[in-house]
1. Just checking, does the range 14-29 include any residue being over 13 Å from the mean Cα position of the chain (by Cα), surrounded by 20 or more Cβ atoms within 10 Å (Cβ to Cβ) and assigned by TED's automatic domain parsing to the domain that holds residue 138?
2. Being surrounded by fewer than 19 Cβ atoms within 10 Å (Cβ to Cβ) and touching a strand residue (DSSP E or B) at 6+ places or on another chain (Cβ under 8 Å): is that true of residue 125 here?
3. Considering 262, 197, 173, which residue is assigned to a strand (DSSP E or B) and over 19 Å from the mean Cα position of the chain (by Cα)?
4. May I ask you to verify whether residue 156 is assigned by TED's automatic domain parsing to the domain that holds residue 97, surrounded by fewer than 12 Cβ atoms within 10 Å (Cβ to Cβ) and either within 20 Å of the chain's Cα centre (by Cα) or farther than 19 Å from residue 48 by Cα (or both)?
5. Do you know which residues across the range 89-114 are within 23 Å of residue 42 (Cβ to Cβ), out of contact with any helix residue (DSSP H, G or I) (no Cβ under 7 Å at 6 or more places or on another chain) and either modelled with pLDDT under 95 or assigned to a strand (DSSP E or B) (or both)?
């Protein structure tokens, strides 16, 4: 219910109450100084939070609301979905949030039309909304304008965007073939990866399936590992597939994988 309450708060506040001065600032970045006709360009929304404050991943966990962006683009330009770097579990009293502290750059690809020409300039605006939280939550918004120049796309890439790109999850390797069971109490997921990592954390893509605040039981084995997750009390029907982000740490090297685990009933 806290998640729902935060959404109502965010949507009901008047626009004059929103701003980027409250414990957070956000900047619009372009990966390159010029854009290439017919090629995708990458933009970044770089958030900087005050110490102890956080924003949210695409599934915010038990409470919160993920950042969103509404683009005002020139004719022919098309924006893709936000690409989310690996989040962290943020433990608060009685709830577990999924999100980002200190700094994070959310990436958005924008397709440049083939019909533009070198030397042309275009204006765009990213209308960004967010919820930044500590003990309390404060909604905010900002209109971030930029001028685009068409060119050859050469030159050094933006450092924040390069860093964020290295933190994006990969697709699940085809050789893994994960499987799982679900009963009235828990999910048991098996990942025959052929290697044994140091630790694993699972972030569910959908809310209301996994008890986010419960411990995740990681068990290595000779084929890979298994992960046991407590079923959420909000999940009243069995699901056929569990989707999410698997963050695997092996000797301080952290990688994320987008996983889809088919489930069978273990009742």
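The values are calculated or read from the model by the stated rules, or taken from the named source; none is laboratory data. Keep in mind the model is a prediction, meaning the values are calculated, not measured. Every residue, glycine as well, gets a Cβ built from its backbone with ideal geometry; the counts of neighbours run over all protein chains shown.
1. Taking every residue of the range 14-29 in turn, at least one turns out to be over 13 Å from the mean Cα position of the chain (by Cα), surrounded by 20 or more Cβ atoms within 10 Å (Cβ to Cβ) and assigned by TED's automatic domain parsing to the domain that holds residue 138.
2. Here the answer is yes, as residue 125 does meet what is asked.
3. 262 is the lone residue from the list that is assigned to a strand (DSSP E or B) and over 19 Å from the mean Cα position of the chain (by Cα).
4. Judged against the criteria, residue 156 is a match.
5. 99, 100, 103, 104, 106, 108, 109, 110, 111
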